[in-house]
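These notes are about the structure you will find just below.
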Amino acid sequence: MNTSVYAARRARVAAQLGPDGIAIIPTAPERPRNRDSDFLFRHDSYFYYLSGFTEPNAWLVITGDGHSTLFCQPKDLEREIWDGFRLGPDAAPAALGVDAALAVGELDTQLPRLLENRDAVWYPFAIHEGLESRVGGWLNQVRMRVRYGALCPEQQRDLCGVLDELRLVKDAHELDVMRRAAQISARAHIRAMQLSARMLREGKDVREYHLDAELLHEFRLGGSQYPAYGSIVAAGANACVLHYRADAAPVRDGELVLIDAGCELDGYASDITRTFPANGRFSGPQRALYDLVLASQDAAVAATKAGARFNDPHDATVKVLAQGLLDVGLLDRNKVGSVDDVIDSRAYFQFYMHRTGHWLGMDVHDCGSYVEPTQVGEVSERRDPLSNELIKNRPSRVLHPGMVLTIEPGLYVRPAEGVPEPFHNIGIRIEDDAIVTATGCELISRGVPVKAEEIEALMRG
């Protein structure tokens, strides 16, 4: 474990607390799944970002002078027989690079002492249930000592803003892990595509869960700890349900399959979507819409570079999709007008109703403001043409090297009046993970093909 990475992050946080500030960061709680079983534990992202520590029931305290204290579970050989190895406070400083470590049972005793004579206490707001009241209890204990000269912090500050800005631009260590996570996920998508075509050729009954199992197998085979999110494996009309989960629906010859799945590796997510013909051959209408979505993604990729705005890839996508929807006849020019009219009225929203990307990192929808911090005060208003809602617009984020985002346009065609029947129940999304560079972006998920002819060739193999 490279402890210097986490020490450098803690130092950057300490520098923003002020000399008399203190930050408190808990990890995630363990959560029961049923009577005698917990959900698989996953650490809190903020906590892991600053510690690299994956055990439950732990807290990190950082003071403005850069001192760090970990509170963790004590060694307990009997419990370790049941629950596994514990690092313990004695070994933690050397293993993790923190300055001190104490048993978590001492938290309520030590925190009032650590808070004493501080001017501000920082912690993540609205993340951990009950944290605010617990901090309040510690502060009350400090107030009980004011007659003895103790000073109580007068400010409570949200640590999320500080950490969000730090996490938004990934360092070399993070980018290396994310590249490896994307490679594992790409191999998983390839396996699922090939299994679908092979089983259909062999005349077998293919279900969404068969493809889901192939994804999970490759994730674990590659060393991933778990999926980054619940995998979407949507066959046929199910692909028009944006957050569909892999279930038992049949995968039919002649239909498309949309898979949105990515593994989590060492705390970092990947997020890839591919849409492919179940039998390995696109039909005419399927290919027409697929090529349109891919063209819109190409435009978004070209718009993703340092100095551009976060919204630029979305705007590029919408422009291509709007023209394409007119060209293939999903939108009637006589009713919706020109490309500019389609964009202004959001007539495309019937078929494309989500944004083209989001931040990616430790969380699939990673933290970080989508508004440019230097222009928060520049506000304009507009009426949404569909909902009539008054929306406040602020300039979107300027992209910088090291930011990571997804690029994921799509089209979802549900049966409706005026929609040509050959396109009914076709759902397509293409998603890649992009690292912003000085001259453009690095697509780290292209280990799985994206061009229609390459997908067909892969599935024949």
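The set of residues in the range 287-318 being of a type in the set (D, E, K, R) and not in a helix (DSSP H, G or I) consists of 305, 309. Inspect all residues belonging to the range 46-59 and state whether any of them is among the charged types (D, E, K, R), over 18 Å from residue 21 (Cβ atoms) and in the same structural domain as residue 14 (by TED's automatic domain parsing). Within the range 46-59, one or more residues are among the charged types (D, E, K, R), over 18 Å from residue 21 (Cβ atoms) and in the same structural domain as residue 14 (by TED's automatic domain parsing). When the range 137-146 is filtered for residues that are part of a helix (DSSP H, G or I), at pLDDT 90 or above and more than 11 Å from residue 118 (Cα to Cα), the ones remaining, listed by number, are 137, 138, 140, 141, 143. Among the conditions (1) at pLDDT 95 or above; (2) under 28 Å from the mean Cα position of the chain (by Cα); (3) assigned to a loop (DSSP other than H, G, I, E, B), the only one that residue 439 does not satisfy is (1).
Per-residue answers, yes or no, for (1) surrounded by fewer than 16 Cβ atoms within 10 Å (Cβ to Cβ); (2) in contact (Cβ under 8 Å) with a residue 12 or more places away in the chain; (3) within 30 Å of residue 9 (Cβ to Cβ):
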{"site": "140", "(1), (2), (3)": "yes, no, no"}
{"site": "144", "(1), (2), (3)": "yes, no, no"}
{"site": "153", "(1), (2), (3)": "no, yes, yes"}
{"site": "183", "(1), (2), (3)": "no, yes, yes"}
{"site": "194", "(1), (2), (3)": "no, yes, no"}
{"site": "200", "(1), (2), (3)": "no, yes, no"}
{"site": "206", "(1), (2), (3)": "no, yes, no"}
{"site": "211", "(1), (2), (3)": "no, yes, no"}
{"site": "232", "(1), (2), (3)": "no, yes, no"}
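All conditions but one from (1) under 30 Å from residue 117 (Cα atoms); (2) in contact (Cβ under 8 Å) with a residue 24 or more places away in the chain apply to residue 161; the one that does not is (2). Search the range 428-461 for residues being farther than 26 Å from residue 288 by Cβ and touching a helix residue (DSSP H, G or I) at 6+ places or on another chain (Cβ under 7 Å), and hand back the single one that is surrounded by the most Cβ atoms within 10 Å (Cβ to Cβ). Looking at the filtered set, the residue picked out is 433. Are there any pairs, at least 6 apart or on different chains, whose C-beta atoms fall under 7 Å, with the first in the range 114-128 and under 19 Å from residue 100 (Cβ atoms) and the second acidic (Asp, Glu) and modelled with pLDDT of 95 or more, and if so, which? Taking only residues 6 or more apart or on different chains, the pairs are 118/20.
Reported count of residues in the range 319-362, each being outside any helix (DSSP H, G or I) and within 33 Å of the chain's Cα centre (by Cα), is 15.
Results for (1) in the same structural domain as residue 446 (by TED's automatic domain parsing); (2) aromatic (Phe, Trp, Tyr); (3) over 30 Å from residue 14 (Cα atoms), shown as yes or no for each residue.
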site: 148; (1), (2), (3): no, yes, no
site: 156; (1), (2), (3): no, no, no
site: 159; (1), (2), (3): no, no, no
site: 180; (1), (2), (3): yes, no, yes
site: 238; (1), (2), (3): yes, no, yes
site: 244; (1), (2), (3): yes, yes, yes
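Filtering 411, 390 for residues that are crowded, with 17+ Cβ neighbours inside 10 Å and of a type outside the set (Gly, Ala, Ser) leaves a single hit, 411.
Residue by residue, here is whether (1) among the β-branched types (Val, Ile, Thr); (2) not in a loop (DSSP other than H, G, I, E, B) holds:
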site: 177; (1), (2): yes, yes
site: 180; (1), (2): no, yes
site: 196; (1), (2): no, yes
site: 203; (1), (2): no, no
site: 212; (1), (2): no, yes
site: 218; (1), (2): no, yes
site: 223; (1), (2): no, no
site: 233; (1), (2): yes, yes
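The number of residues in the range 262-279 being within 16 Å of residue 428 (Cβ to Cβ) and among the small types (Gly, Ala, Ser) comes to 1.
The values are calculated or read from the model by the stated rules, or taken from the named source; none is laboratory data. Because the structure is predicted, anything quoted here is derived from the model rather than measured. Counting neighbours? That spans all protein chains shown, and the Cβs are built from the backbone with ideal geometry, glycine included.
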